[in-house]
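Here's the structure we're looking at; comments come further down.
The values are calculated or read from the model by the stated rules, or taken from the named source; none is laboratory data. Keep in mind it's a predicted model, so treat the numbers as computed, not measured. Heads up, the Cβs are rebuilt from the backbone with ideal geometry, glycines too, and the neighbour counts pull from every protein chain shown.
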């Protein structure tokens, strides 16, 4: 059984620690701040207890899973025997560039170095490394212990076998990996989110409907299908003979809409303030943390319901 | 208790009949084709039995609900005593223009005339009516008996009180109405879907990832949150201090992506063929109908799970 090293113990690294430990791996947990390492241990225990309280815990007890987390007091100790490193350091390229020099020097040559970065391409912080072919981005959706999707994004020099090994590991720990052929701004998830958000802000700015009604259009409408089918399968089932027929019938309509939507806008301070006001009517600033806990309980319950129904 | 008339017994009208009957209303069911009326009665019974078999039936037995459906042999008979007409005739403006002349002449003046159209603004088929202020679009997401969202879209001359009465009726029958301030191409739902589809096709056309991986990015990623929160609430919870902070930090990144995405493309025959091939590897053409039945079972199960969790 190989060992995982989690480097960087913020929100993302903490959730990753849970993902790997729950799947049965020994996990070295490291952060430059010992307090951060401690907070990861505390987080994992609390999150496992929350899941158990919801009736969504796994077969093992909390203690067994937590015992797999091994706090490391140095990067060298963390990487000792690790076959895979999940790095979740701050999103600043100069921090990552320095960190990867150390990781590349310490890790044995076949160890995979995977970054959780949501915005920096691996090429921007691994170009200078002797052994850069084992580096890639493995970008989760927050928090990965509740949301399975991860994006695997190679740098131009990433070994294809490294991508496949990372994908196999992700499958094994219960995540759902997708493979990007190459680096692209925003990767796939944030590009899809960007497209939807752009139209959402446009509809509110143009006075077509309220922010709450845009949210409802998704959560009581399109989101019910997107919860278990992507956009392509959705339209494939929306014409008797499938997606080609759908595109033939509705392609011109969508092209017309796409031209109206080819109108990139900055989110003005005024617009953001107006939407912020609308949001604060529903969730006060002081209630955001509680609402986030509610979101995570819902995510856990719905992911469990999905497993039950889809098998 | 007032009576509802469902005019037009295709897929949409049939599902509407179920929605109103399940909520306790007497429903006159009319179509120019008596066979279509019969197929609506058959559909409603089968759909109710499917829901019951899934353990998702309501408190009433199938027979009680079905007994509220009253086949009508003429438009005059259908509208007798009806306070609300849900029209789901074919999506051709000349058909609707003629039909609305008859509906407007037959229906008592305070009866609401609501169209299920997904693409035609009410102004395009009600401008010539003496009593056009009672006309609007009440556009469902298919099928409305499983997906609650409806878009209320007034023509420029629609009485605001008519919109409010239609919204109140929709709430009462368990649907989730949103109100558009005015007519706009694609309404809200198809505009949001258009934005996402545009990027989905672009990612596949540019060779970034497979159609299946785009679908996974939604169904194992973004769609898990959009199932119960819209895009605004999602980002509101993704920064410690809420949406204004999120926009301040990430607005420039999204604006950059929006500019890259301001590139409307027709869906080329070649691209559509390639995606069609990818889809057919997962669901053969001969399996589409069964997959659609699977989708509807999933929708019913997930909507029920959502009610259970959210209360």
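On the stretch given as the stretch B:274-290, residues that are surrounded by fewer than 17 Cβ atoms within 10 Å (Cβ to Cβ) and either facing another protein chain (nearest Cβ under 7 Å) or under 25 Å from the mean Cα position of the chain (by Cα) (or both) total 4.
Can you work out which of the residues in the stretch B:161-183 that are over 27 Å from residue B:295 (Cα atoms) and touching a helix residue (DSSP H, G or I) at 6+ places or on another chain (Cβ under 7 Å) is nearest to the other protein chains (Cβ to nearest Cβ)? Selected residue: B:179. Whether a residue is touching a helix residue (DSSP H, G or I) at 6+ places or on another chain (Cβ under 8 Å), under 19 Å from residue B:297 (Cα atoms) and outside any loop (DSSP other than H, G, I, E, B) was assessed, and residue B:28 does not pass this test. The set of residues in the stretch B:191-223 that are at the interface with chain A (Cβ under 7 Å from one of its Cβ atoms) and touching a residue at least 60 places away in the same chain (Cβ under 8 Å) comprises B:198, B:199, B:211.
If you take the residues in the stretch B:167-220 that are under 14 Å from the mean Cα position of the chain (by Cα) and either part of a helix (DSSP H, G or I) or modelled with pLDDT under 95 (or both), which one is surrounded by the fewest Cβ atoms within 10 Å (Cβ to Cβ)? If we take residues in the stretch B:167-220 being under 14 Å from the mean Cα position of the chain (by Cα) and either part of a helix (DSSP H, G or I) or modelled with pLDDT under 95 (or both), then B:189 is surrounded by the fewest Cβ atoms within 10 Å (Cβ to Cβ).
Quick grid of which residues meet (1) crowded, with 23+ Cβ neighbours inside 10 Å; (2) in the same structural domain as residue B:21 (by TED's automatic domain parsing); (3) in contact (Cβ under 8 Å) with a residue 60 or more places away in the chain:
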| residue | (1), (2), (3) |
| --- | --- |
| B:48 | yes, yes, no |
| B:51 | no, yes, yes |
| B:70 | no, yes, no |
| B:95 | no, yes, no |
| B:110 | no, yes, no |
| B:116 | yes, yes, yes |
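Here is a check on your reading of the model: is residue B:123 under 22 Å from the mean Cα position of the chain (by Cα), surrounded by 24 or more Cβ atoms within 10 Å (Cβ to Cβ), under 23 Å from residue B:83 (Cα atoms) and more than 14 Å from chain A (Cβ to nearest Cβ)? Answer is no for this residue. For the stretch B:95-120, a residue qualifies if it is closer than 30 Å to residue B:194 by Cβ and part of a loop (DSSP other than H, G, I, E, B), and the qualifying residues are B:116, B:117, B:118, B:119, B:120. Modelled with pLDDT of 95 or more, out of contact with any helix residue (DSSP H, G or I) (no Cβ under 7 Å at 6 or more places or on another chain) and assigned by TED's automatic domain parsing to the domain that holds residue B:166: is that true of residue B:62 in this structure? It is false that residue B:62 is modelled with pLDDT of 95 or more, out of contact with any helix residue (DSSP H, G or I) (no Cβ under 7 Å at 6 or more places or on another chain) and assigned by TED's automatic domain parsing to the domain that holds residue B:166. Among the conditions (1) under 27 Å from residue A:2 (Cβ atoms); (2) facing chain B (nearest Cβ under 10 Å); (3) surrounded by 23 or more Cβ atoms within 10 Å (Cβ to Cβ); (4) in contact with a helix residue (DSSP H, G or I) (Cβ under 8 Å, 6 or more places away or on another chain), residue A:158 misses just one, which is (2). Note on the stretch A:274-299: residues that are free of Cβ contacts under 8 Å to residues at least 12 places away in the same chain and touching a helix residue (DSSP H, G or I) at 6+ places or on another chain (Cβ under 7 Å) total 3. Is it the case, given these coordinates, that residue B:36 is closer than 28 Å to residue B:293 by Cα and either without any contact (Cβ under 8 Å) to a residue 60 or more places away in the chain or touching a helix residue (DSSP H, G or I) at 6+ places or on another chain (Cβ under 9 Å) (or both)? In short, yes. Against the criterion of being under 10 Å from the mean Cα position of the chain (by Cα) and under 22 Å from residue B:101 (Cβ atoms), residue B:139 qualifies. The set of residues from the stretch A:229-240 being over 25 Å from residue B:257 (Cβ atoms) and facing chain B (nearest Cβ under 7 Å) comprises A:236, A:237. Beta carbons closer than 9 Å, at least 6 apart along the sequence or on distinct chains, never pair a first residue in the stretch A:253-271 that is more than 7 Å from chain B (Cβ to nearest Cβ) and surrounded by 15 or more Cβ atoms within 10 Å (Cβ to Cβ) with a second that is modelled with pLDDT under 95 and part of a helix (DSSP H, G or I).
Being closer than 22 Å to residue A:307 by Cβ, assigned to a loop (DSSP other than H, G, I, E, B) and in contact with a helix residue (DSSP H, G or I) (Cβ under 7 Å, 6 or more places away or on another chain) holds for only one residue in A:146, A:224, and it is A:146. Apart from one condition, residue B:187 fits all of (1) on the phi > 0 side of the Ramachandran plot; (2) at the interface with chain A (Cβ under 7 Å from one of its Cβ atoms); the exception is (2). Scanning the stretch B:243-252 for residues that are facing chain A (nearest Cβ under 7 Å) and surrounded by fewer than 22 Cβ atoms within 10 Å (Cβ to Cβ), we see that the one that is nearest to residue B:310 (Cα to Cα) is B:244. With respect to being at the interface with another protein chain (Cβ under 7 Å from one of its Cβ atoms), part of a helix (DSSP H, G or I) and in contact (Cβ under 8 Å) with a residue 60 or more places away in the chain, residue A:302 fits the description.
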